[in-house]
Amino acid sequence: MGVAGPFPSYAARPPGPVMDRDEADRALARLGAEHEAIETSLLALQDHAGRRLLEGADLTGVTKERWSATEQSITLLWSYFDAYAGVLNEAREVRARRRHPNRDDLAALTELLRGEGVTVAHAAARPDPSVTGPAKLSERFTLAELVNRMNELYARSLDMVVASDSVWSAMPARIDLLAAELRRTRSLAHSVGVRPGEHPAGDDLEAITQELTTLRVQVISDPLAFWLPGPGSSAPGGGRPDTTRYDRAARALDDVRREIEAVLAVRQDAEQRLVQLRDVLSRADRTLTEARSARGEVLAKIAASEVPAVNGPPTALQERLAAASEYRRHAQWHRLSPLLEALERQAEQELLRAREQLTAVTAPLAVRAELRGRLDAYKAKVARHGLAEDPVLIERYDAARRMLWSAPCDLRVAGQAVQRYQDAALELLGQRRASGPEDGRGRP
């Protein structure tokens, strides 16, 4: 239920010249309107949902301290209002004596309406000195001063009530919604084996559960501990609930939920990923087998060449792959998820290393193949130019070919023989070009 705003200010003048009848009537009409506004505001505050909750709550901390002072303020407000109403009734009685008041009546009205005609006794209420200032048994006010004092007490009381009600309206409901989401996430986590003590996400869920439980209890008992006043705002209830701890718990739950979703994804495609892993490791094993076979061939066919050793099969990865299969078989998805990710990276690295070893082992054979190709290419070239029967070329070609097609082949010596054949061919071709033009098929 809404609460009316501050009470109307009463702009009175100090006692001086006696008011005439019209001034007195206008003042009484204004005071009557003020009285109704003040009463409406006090009744609205009395009926405010936040105030009723504060009365029935088991409060702690700063809220307990402020509510104790606020209760005294509200009690004092009613005392001030009763005193205000009493002076107003007395003034109305004086005015009602005569249709045309005499000077004594007008002097009495002037004293009541402008003088310090309001006396408030504090013996019964015993207000906190922080509420009314230094402790006094009674105080005297003008009506204007009394309204100002009521405005101050009302604003402080309403600020405390509205702030508490705002926190209670916002925080517990949000905490309950997050707690419901937490329960669903915990149920899902348990279904995939994510439990406290077995998986970090399970420990995080336990910590979030304890934090939300503690947070809700604290919000209910001490709402003002979670209130941030608005900067520069003097209006009652200006500010907002402090949701720092709630937001932190919500973010932590989102992180856990993503982790659970990753585990669920593993459960859905675990078999396919395991098959792909076996395929990658099988290709790496076949590549290493091919490299070992090629190494034996190189050692048999190539002389004076450094051939690197070839690693054995990736047995450690095979053992870890077997462990992953066991995790899948026993539905231990929380353990399978990180293991699969690590195995996929390592299997790709193992296949890459196997291919690099095959390349390194077969490098001498590639060099020999390149030399053979170069020798045949120059033979075809000199044949096109009609120099195939040159005795020097025949001799050097036969020497290079014997070296390249015999085992073991000395690549260094064979390379020199190919280079000698190439040099001789280039020399003869140069002489042929100098002797005359050729036709389109390379003949003179």
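The values are calculated or read from the model by the stated rules, or taken from the named source; none is laboratory data. This is a predicted model, so every value here is computed, not measured. Ideal geometry is used to build each Cβ from the backbone, glycine not excepted, and the neighbour counts take in all protein chains shown. For accessibility, only protein heavy atoms count, side chains too; no ligands or nucleic acids. Shrake-Rupley method; radii C 1.70, N 1.55, O 1.52, S 1.80 Å.
What FRET efficiency would be calculated for the residue pair Glu90, Arg174, taking the C-beta separation as r and a Förster radius of 51 Å, to the nearest 0.05?
Details: r = 53 Å, r/R0 = 1.03.
Efficiency computed from Cβ-Cβ geometry: 0.45.
Where the accessible area of the stretch 158-298 is counted over protein heavy atoms with a 1.4 Å probe, how much of it, in %, is carbon and sulfur? Write down the numbers at each step before the final one.
Numbers: 3500 of 6960 Å².
Its accessible area is 50 percent carbon and sulfur atoms.
Can you give me the Rg/Rh ratio for the stretch 286-393, using Cα atoms for both radii and the Kirkwood formula for Rh? If you can, show how the numbers build up before the last one.
Values: Rg = 23.7 Å, Rh = 17.8 Å.
Dividing the radius of gyration by the Kirkwood radius yields 1.33.
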Cα centroids of the stretch 315-351 and the stretch 229-279: how far apart, whole angstrom?
27 Å
If amide H atoms are built 1.01 Å from N in the plane of the peptide, which residues on other chains or at least 5 residues away come under 5 Å of the amide H of Trp227?
Asp242
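Can you give me the accessible area per residue for the chain, using a 1.4 Å probe, in Å²? Working shown, then result.
On the way: 23690 Å² over 444 residues.
Heavy-atom SASA per residue in the chain reads 53 Å².
Which shape class applies to the stretch 182-251: rounded if a/c is under 1.5, otherwise prolate when a/b exceeds b/c and oblate if not, where a ≥ b ≥ c are the square roots of the Cα gyration tensor eigenvalues?
Numbers: a/c = 4.03, a/b = 3.20, b/c = 1.26.
The shape class here is prolate.
Taking 8 Å as the Cα distance limit and 6 or more residues as the minimum spacing, I'd like the relative contact order of the stretch 286-390 as a percentage. Present the calculation step by step, with values, prior to reporting the outcome.
Values: 59 pairs, mean separation 42.8, N = 105.
For the stretch 286-390, the relative contact order is 41 percent.
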Evaluated over the chain, the Cα radius of gyration and Dmax, each in Å:
50.2, 158
Going 7 Å from the Cα of Ala309 toward and past its Cβ, which residues in the stretch 343-362 have a backbone nitrogen under 19 Å from where you end up?
353-362
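Could you calculate the contour length gain from Ala207 to Glu71, that is, 0.36 nm times the residue separation minus the distance between their Cα atoms, to one decimal place in nm? Intermediate values should be presented prior to the final figure.
Working: separation 136, 0.36 × 136 = 48.96 nm, distance 3.80 nm.
So the chain would gain 45.2 nm between Ala207 and Glu71.
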Roughly how many debye, to the nearest 20, is the charge dipole of the chain about its Cα centre, given +1 on each Lys and Arg Cβ, -1 on each Asp and Glu Cβ, and no other charges?
2180 debye
Between Glu261 and Ser187, what is the spin-label point distance in nm, taking each point 7 Å from the Cα along the Cα→C-beta axis?
2.0 nm
Phi to ³J(HN,Hα) by Karplus 6.51 cos²θ - 1.76 cosθ + 1.60 over the stretch 408-413, Hz, x for Gly, Pro
x, 9, 8, 5, 5, 5
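Among 178-184, 223-229, 382-388, how do they line up from the highest to the lowest mean number of other beta-carbon atoms within 10 Å?
Values: 178-184: 14.7, 223-229: 19.1, 382-388: 16.4.
Final packing ranking: 223-229, 382-388, 178-184.
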Around Trp405: net Lys/Arg minus Asp/Glu count, Cβ-Cβ under 13 Å
+2
How far apart, in nanometres, would the label points at Glu145 and Arg251 be if each is projected 7 angstrom from Cα along the Cα-to-Cβ direction?
5.4 nm
Say each of Val392 and Lys301 gets a label point 7 Å from the Cα, pointing the same way as Cα to Cβ; how far apart are those two points in nm?
3.3 nm
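Evaluate the charge dipole of the stretch 260-406 about its Cα centre and quote only its size in Debye, nearest 20, assuming +1 on the Cβ of each Lys and Arg and -1 on the Cβ of each Asp and Glu.
It comes to approximately 280 debye.
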Determine ³J(HN,Hα), in whole Hz, for all residues of the stretch 97-111 in sequence, where each value follows from phi through the Karplus function 6.51 cos²θ - 1.76 cosθ + 1.60 and θ = phi - 60°; x replaces Gly and Pro.
5, 9, 5, 10, x, 7, 5, 4, 4, 5, 5, 5, 5, 4, 5
Karplus 3J(HN,Hα) series, Hz, for the stretch 241-252 with 6.51 cos²θ - 1.76 cosθ + 1.60 (x for Gly, Pro):
x, 8, 9, 4, 5, 4, 4, 5, 5, 5, 5, 4
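Working out 0.36 nm times the residue gap between Leu352 and Ala33, then minus their Cα-Cα distance, what length gain in nm do you get to one decimal?
105.7 nm
For Arg286 and Ala380, FRET efficiency with R0 = 51 Å and r from the beta-carbon atoms, rounded to 0.05? Kindly include the intermediate steps, with their values, before the conclusion.
On the way: r = 37 Å, r/R0 = 0.72.
With a Förster radius of 51 Å, E is 0.85.
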Dipole-positive endmost among Val219, Asn89, Ala37 within the chain (Cβ charges, Cα centre)
Val219
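Express in nm, to one decimal, how much length is gained between Glu111 and Lys64 on full extension, taking 0.36 nm for each residue of separation and deducting their alpha carbon distance. Let's see the in-between values first.
Values: separation 47, 0.36 × 47 = 16.92 nm, distance 4.20 nm.
Additional length available on full extension: 12.7 nm.
Taking all protein chains in place and a 1.4 Å probe, what share, in percent, of the accessible surface of the stretch 314-444 do carbon and sulfur account for?
Carbon and sulfur: 53 percent of the exposed surface of the stretch 314-444.
Based on the Cβ-Cβ distance of Asp104 and Arg26, what FRET efficiency does E = 1/(1 + (r/R0)^6) give at R0 = 22 Å, to the nearest 0.05?
With R0 = 22 Å, the Cβ-Cβ based efficiency is 0.65.
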Taking H as built 1.01 Å from N, whose amide H comes closer than 5 Å to the amide H of Asp410, not counting residues under 5 places away?
Ala303
If one compares the long axis through the Cα atoms of helix 391-404 with the longest principal axis of the Cα atoms of the chain, the angle in degrees, nearest 10, works out at 50 degrees
What residue among Asp104, Asp242, Asp176 has the largest mean-square fluctuation in a Gaussian network model of the chain, using Cα springs under 10 Å?
Asp104
In terms of modelled amide H atoms, which long-range or inter-chain residues lie less than 5 Å from the amide H of Gly239?
Gly230
